[in-house]
Each structure stands twice: as C-alpha cells, then as structure tokens.
1. Name the most mobile residue of 140, 68, 81, meaning the one with the largest mean-square fluctuation, in a Gaussian network model of the chain with Cα contacts below 10 Å.
2. Relative to the first principal axis of the alpha-carbon coordinates of the chain, what is the inclination of helix 126-143, with its axis defined by its Cα atoms, in degrees from 0 to 90 and to the nearest 10?
3. Nearest 10 degrees, 0 to 90: what angle lies between the long axis of helix 152-174 and the longest principal axis of the chain (Cα atoms)?
4. Which entry in [x] 23; [y] 19; [z] 27 is this structure's computed percent of Cα pairs over 34 Å apart?
5. Mean separation of Cα pairs under 8 Å and 6+ residues apart, divided by the residue count of the chain: what relative contact order is that in percent?
6. Is segment 1-127 rounded, prolate or oblate when judged by the Cα gyration tensor, a ≥ b ≥ c being the square roots of its eigenvalues, rounded requiring a/c under 1.5 and prolate requiring a/b larger than b/c?
7. Does segment 1-61 come out rounded, prolate or oblate by the C-alpha gyration tensor, with a ≥ b ≥ c the root eigenvalues, rounded set by a/c under 1.5 and, if not, prolate when a/b is larger than b/c and oblate if not?
8. Kindly provide the helix-only [θ] at 222 nm of the chain, computed as the sum of -39,500 (n - 2.57) over DSSP H runs of four or more divided by all residues, to the nearest 500 deg cm²/dmol?
C-alpha cells in the first residue's frame, strides 16, 4: 500500500468517526424537541434545514445539467425509504433511550445481508448467514420479549432499522449513477417537499431558541452526511463500515448527559452481539470481493495464455 493510499484511508477513517460523532447530536436535539413538538414537525425541520444548508454546496460544485438524475424513480424510492426510517426513528426517540433505539436500528446491515440474494443477486455463504442469525439474537437480547414489555418505541426502532436496510439496498443499486452529493440533495429535497405538505396539519409555532435548535439539527445532518461522503471518496466502504458502529459511543454519552439514560447490562450484551455480527459480515464481504477480483484477474490472464503458479495467488472457496 502506497503512502498516499494509507494517508487517504486514515483520513477517511477520521472523517467517518467525525460524522458518527455529529449524527447522534442531531438525534439528541430531535429527542429534546420531541418533548415539545410533534414528530412530524421535527422531521420536517431535519429535512428542510438540511436542504437549505446543502443547496449552496451543490450549486457551487455542479451545473444544472449535472443535477439530472439517471434513475429518477429509484432516487425517489430511496429518498422515501430514508424519510420513513427517519420518521420512525424520531418517533422511537420520543419514548425510549437514544442508545437503545440506535442499537435496534443497527440490525439494518443484517437485513441487507439476508435480502442480498433476493434483491441484489448476491450469494451469501453459511458464515454470513450464521452472523445474521447471531445478530438477530443480539436484537432479541435487547428487546427481551416475555421478560420486558415490548413498547411502541421498540417496534418503531426495529421498523426504522428494517426500512433503513431497504434504503441501503437502493443506495447500492444507485451506486455510480450520480455523484453522492447529488444523490444526497435529492434525498433532502424529497423529504423537505413531502414534509412541507404534511407539517401544516401538525404545526406548533416554535420559540426562537427551539427554531435555532431545529436549524442546528439540519446543519448537523448536512455536515455529518458531507463528512461521510468525503470519507467514502477517500477510503473503501469495506474499510470504513466497522467504524460506523462508533456512533453508539456518542449516542450513549448524549443519552446519559442530557437524559440520564444509560443502557443496562443486557442491552450492552445485545449491542456487542449486533456490532460484532455486523463487523464480521463487513469483513467477510470484503474478503469475498477480494477473492472475486483475484479470480477475475486469473481468468483474464489464463485467456491470454499467462500461467500463474498456484502458490503465488491465494485461492480457496469463500463461504
């Protein structure tokens, strides 16, 4: 690995850590506001001010022609999925601790893996299927059905994580069709337009301080997503994915400082199981892609009559 690649990878990791520190701040503000305002109004603020902060950056970087999406229908579906997931997650935050809600949303990579054969045409080996099962056991440890009551917040957080998985799948299908910043703009635009039509039915006039908090929520969302995009530009997603789970650290800190919430021992065990499963799946997917790339090179070289010694190119069936 060259020095430049190492530096870019390190920068990418640092940027995703910054992004994962910022995003829980937005969630914390949403939870504070949920005590005084309807969830619909909070979701509107998150998207409306996000769009206001994002548009100047987009127009400074791209021409109007660049903004035309290659797959507009899929862009709308993707934006709608994130909007639904955000609404459910904010509704869950209103009635349950921040870290607990976020931990349940972490099931999304597990759902993506489980649905990959059907929706992405990807094969999933026994090891990753086992990791998916173990991850869902971790979610059950947090929920503890039959031991504790399953509240509406728990249901909404699980639904938010499940819908977010479909959003991730749509994102994969959109990969390479538009610059990430333009895709992010369409996501924010859809959310702002849809919520602007809905919010009048739920509107409560915010105080000046709360309006500033709403603006800050949108600004943090824009900044966090921008850092995430820059991180992906600098380092492979497979390298960055495990660091995404660092979000739970700031979520726990904010939950404890602002609301006096701290996950109990069983919740921490469930979080550890889900995170470990997600990281394992990410590492396995990375290894599978590396093996597929190696096989493709060998096939190309074989077609050109190049003989490769078995010991020089690692082989083996990846499950």
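Since every read-out is calculated from the coordinates, none of them should be taken as a lab result. Keep in mind that this is a model prediction, so the values were computed, not measured. Here the Cβ positions follow ideal geometry from the backbone for every residue, glycine too, while neighbour counts run over all protein chains shown.
1. It is 68.
2. Rounded to the nearest ten degrees, it is 20.
3. Long axis of 152-174 versus the principal axis of the chain: about 50 degrees.
4. [z]
5. Numbers: 405 pairs, mean separation 122.7, N = 319.
Here the relative contact order equals 38 percent.
6. Numbers: a/c = 1.34, a/b = 1.14, b/c = 1.17.
Cα axes put segment 1-127 in the rounded bin.
7. Working: a/c = 5.93, a/b = 1.89, b/c = 3.15.
Oblate, since a/c reaches 1.5 and b/c is not below a/b.
8. Values: 12 runs with 235 residues, N = 319.
Calculated at 222 nm, the ellipticity per residue is -25500 deg cm²/dmol.
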